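The values are calculated or read from the model by the stated rules, or taken from the named source; none is laboratory data. Everything numeric here is computed off the predicted structure, so don't read it as measured data. Here the Cβ positions follow ideal geometry from the backbone for every residue, glycine too, while neighbour counts run over all protein chains shown.
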Amino acid sequence: MTNFHRRARIGAGIALFTTAALGLTACATGTEATASSGGGEAVDAAAATSVDDFGSFADLEETAKAEGQLNVIALPRDWANYGEILDLFAEKYPEITINEASPDVSSAEEIQAAKTNEGLDTAPDVFDLGLTVALQNTDVFAPYQVQTWDEIPDALKEKTGLFVGDYGGYMSIGYDSSKYDAPESLDDLKDAAYKGAVAINGDPTQAGAAFAAVGLATVQSDGTLDDFQPGIDFFAELQKAGNLLKVDVTTATVASGETPVVFDWDYLNAAHTADNKDWKVVVLDGTGYAGYYNQAINKDAPNPAAARLWQEFLYSDEVQNLWLKGGARPARMEAMTEAGTIDADLAAALPEVPSETVVPTEEQSTNAGTLLGEKWAAAVQ
């Protein structure tokens, strides 16, 4: 599992969103870019907020094909089945070349890339972001509502479509079962047997997966999402004990045994079993921590129609089921289950998770991000 990137069933097992309440109100404006739709009319693709602005979905497709490029960033191919998703888009739209940049960078580095390359044809068209970074950068996004907008839970979307949750999961612990027994609690990881063995997927001030690891440690330490200090304290104790391993987690480090114990999303940890036959995954009993990653369009996207076509593609039935194939929970899972379009076998294969689950709200994420910025570096130095 690559990297430094940002990279469950609740009740009947359909969605995580029932515990989230974003209530977001930010807005942004698009850039001035025009193209011709299939009907020959001028379309301001960068200002389009839905398919209707193009005339029809076929017009959006034709406009995107005319652009001929799509710039994506921070999409590791072994992350939640992104490889198959990217390849399907390329197969479906061979007229559009996908330019995959910096697959292993963090959410924060995605935003920095957009700012550094502003005005250039190499700037990212779209983003895949952890919630905290998304909340901090709404001025970088263009609002857009996909055709399946009404089937995305309100708690997962900024109301104008500046950013929208797409796929999610539970924070888990992956471990090499040839070296360790399954941890039953966080306290187990403080034991001397875990000397130099416990890694998190990135820096929690920049990466969503690492942020969530601190969130899990918080709620598993009898804290709440209103104050991440117990989670910071937990990792400070791991550092003091010499158990915290400061190595970027990748598929190679797991396969080689360099990172034998890893905090990461359940769907990412589960994928390591393909490279390490002894790799197992546990979602701890007690309170579980869940979260979604968010899609957003760069307001200065060099290929604004292709960016919007990509969003439509990601929220289609076919790709929502591909997230599920990657072990993640798609945002439209409830609606698709009701409509009978979900892959029932894949849904049934999702692992059991805690009955009590928390998802941070906008305010909690913002406050936690501020606290981590102030305290994390000193806690683990």
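Here is a check on your reading of the model: is residue 133 in a helix (DSSP H, G or I), assigned by TED's automatic domain parsing to the domain that holds residue 309, crowded, with 22+ Cβ neighbours inside 10 Å and aliphatic (A, V, I, L, M)?
Judged against the criteria, residue 133 is a match.
Pairs please, first residue from the stretch 42-70 and among the basic types (Lys, Arg) and modelled with pLDDT of 95 or more, second anywhere and surrounded by fewer than 21 Cβ atoms within 10 Å (Cβ to Cβ) and not in a loop (DSSP other than H, G, I, E, B), Cβ atoms under 8 Å, 6+ apart in sequence or on different chains.
Pairs that qualify, where the first residue is among the basic types (Lys, Arg) and modelled with pLDDT of 95 or more and the partner is surrounded by fewer than 21 Cβ atoms within 10 Å (Cβ to Cβ) and not in a loop (DSSP other than H, G, I, E, B): there are none.
Per-residue answers, yes or no, for (1) surrounded by fewer than 24 Cβ atoms within 10 Å (Cβ to Cβ); (2) under 22 Å from the mean Cα position of the chain (by Cα); (3) of a type in the set (A, V, I, L, M, F, W, C):
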position	(1), (2), (3)
179	yes, no, no
199	no, yes, yes
204	no, yes, no
208	no, yes, no
217	no, yes, yes
226	yes, yes, no
233	yes, no, no
236	yes, no, yes
257	yes, no, no
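Given the options 162, 120, name the one that is of a type outside the set (D, E, K, R), at pLDDT 95 or above, in a loop (DSSP other than H, G, I, E, B) and closer than 21 Å to residue 368 by Cβ.
Working: 120 fails: closer than 21 Å to residue 368 by Cβ.
Being of a type outside the set (D, E, K, R), at pLDDT 95 or above, in a loop (DSSP other than H, G, I, E, B) and closer than 21 Å to residue 368 by Cβ holds for just one of 162, 120, which is 162.
Quick check: anything in the stretch 274-297 out of contact with any Pro (no Cβ under 7 Å at 6 or more places or on another chain) and assigned to a helix (DSSP H, G or I)?
Within the stretch 274-297 (the criterion being out of contact with any Pro (no Cβ under 7 Å at 6 or more places or on another chain) and assigned to a helix (DSSP H, G or I)), the answer is yes, since at least one residue qualifies.
Run down 338, 352 and say which single residue is more than 22 Å from residue 289 (Cα to Cα), out of contact with any Pro (no Cβ under 7 Å at 6 or more places or on another chain) and either modelled with pLDDT of 95 or more or charged (D, E, K, R) (or both).
338
Which numbered condition in (1) touching a Phe, Trp or Tyr at 6+ places or on another chain (Cβ under 8 Å); (2) surrounded by fewer than 19 Cβ atoms within 10 Å (Cβ to Cβ) is the only one that residue 106 fails?
(2)
In this structure, is residue 341 surrounded by fewer than 17 Cβ atoms within 10 Å (Cβ to Cβ) and not in a helix (DSSP H, G or I)?
yes
State yes or no: is residue 174 in contact with a helix residue (DSSP H, G or I) (Cβ under 6 Å, 6 or more places away or on another chain) and part of a strand (DSSP E or B)?
Working: in contact with a helix residue (DSSP H, G or I) (Cβ under 6 Å, 6 or more places away or on another chain): yes; part of a strand (DSSP E or B): yes.
Against the criterion (in contact with a helix residue (DSSP H, G or I) (Cβ under 6 Å, 6 or more places away or on another chain) and part of a strand (DSSP E or B)), residue 174 qualifies.
Would you please name the residue that is surrounded by the fewest Cβ atoms within 10 Å (Cβ to Cβ), looking only at residues in the stretch 281-299 that are in contact with a Gly (Cβ under 7 Å, 6 or more places away or on another chain) and not aliphatic (A, V, I, L, M)?
The first filter runs over the stretch 281-299 and keeps only residues in contact with a Gly (Cβ under 7 Å, 6 or more places away or on another chain), leaving 281, 289-294, 299.
Within this subset, residues satisfying the condition of being not aliphatic (A, V, I, L, M) are 289, 291-294, 299.
Details: 289: 28, 291: 28, 292: 27, 293: 28, 294: 29, 299: 22.
Result: 299.
Quick one: would you say residue 104 is outside any helix (DSSP H, G or I) and either closer than 16 Å to residue 167 by Cα or at pLDDT below 95 (or both)?
Against the criterion (outside any helix (DSSP H, G or I) and either closer than 16 Å to residue 167 by Cα or at pLDDT below 95 (or both)), residue 104 qualifies.
Can you tell me which residue within the stretch 123-133, out of those that are under 16 Å from the mean Cα position of the chain (by Cα) and modelled with pLDDT of 95 or more, is nearest to residue 52 (Cα to Cα)?
126
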